[in-house]
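Participant: Before I ask anything, here is the structure I am working with.
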Amino acid sequence: MLKIMDVSTSGLIAQRIRMTAIASNLANITTTRNENGELKPYDPRHVKFQEDNTIGPNGSAGVFVREIARDELPPERKYMPFHPDADEQGFLNLPRLNLTTEFTDAIESGRSYEANLGAMDITKSMANQTLRIIT
């Protein structure tokens, strides 16, 4: 039963990391400068998962975050001549993010998180019922 809980726990952790990346993308959707103040738009982050079906010596199994990749796409250029970070032609470089995709990913991640919580609740209920039968 503990192995089942490990799988669900790994799913919860992975989805929490994914939600953090999505929140960071949404918070920086109009960011035109990097953390050093240089004129470079925010690089969106995307979480990539890796499945692990092997039961190792520490009992690890489930899904794990393989990497948090940064988008390599060129920035989106919008004509905003009065923005302080616009170039000489009046264009502003913004992160290439799609709100619909980000919100859809957030919904999917939330549902996966809830599914893992449900699996943990069912496992806990089965363990309690097994203990009742034994005693």
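The values are calculated or read from the model by the stated rules, or taken from the named source; none is laboratory data. All values reported here derive from a predicted model rather than from experimental measurement. Glycine gets a Cβ as well: all are built from the backbone with ideal geometry, and neighbour counts include every protein chain shown.
Participant: Restrict the check to the stretch 38-60 and report whether at least one residue is touching a Leu at 6+ places or on another chain (Cβ under 8 Å) and not small (Gly, Ala, Ser).
Facilitator: Looking through the stretch 38-60, at least one residue is touching a Leu at 6+ places or on another chain (Cβ under 8 Å) and not small (Gly, Ala, Ser).
Participant: Quick one: in the stretch 32-79, which of the residues that are basic (Lys, Arg) and more than 12 Å from PRO95 (Cα to Cα) is modelled with the highest pLDDT?
Facilitator: Going residue by residue through the stretch 32-79, those that are basic (Lys, Arg) are 33, 40, 45, 48, 66, 70, 77-78.
With more than 12 Å from PRO95 (Cα to Cα) added as a condition, the list becomes 48, 66.
Values: LYS48: 95, ARG66: 92.
Residue satisfying both the conditions and the ranking: LYS48.
Participant: Mind checking whether some residue in the stretch 34-44 is aliphatic (A, V, I, L, M) and under 21 Å from the mean Cα position of the chain (by Cα)?
Facilitator: Checked against the condition, which is being aliphatic (A, V, I, L, M) and under 21 Å from the mean Cα position of the chain (by Cα), the stretch 34-44 yields no hits at all.
Participant: I'd like to verify a number: residues in the stretch 25-51 that are over 18 Å from GLU72 (Cβ atoms), touching a strand residue (DSSP E or B) at 6+ places or on another chain (Cβ under 8 Å) and without any contact (Cβ under 8 Å) to a residue 24 or more places away in the chain, how many?
Facilitator: Going through the stretch 25-51 one residue at a time, the tally reaches 2.
Participant: Could I ask something else about it? Condition first: of a type in the set (S, T, N, Q) and part of a helix (DSSP H, G or I). Now tell me which residues in the stretch 112-135 satisfy that.
Facilitator: Selection gives SER112, ASN116, THR123, SER125, ASN128, GLN129, THR130.
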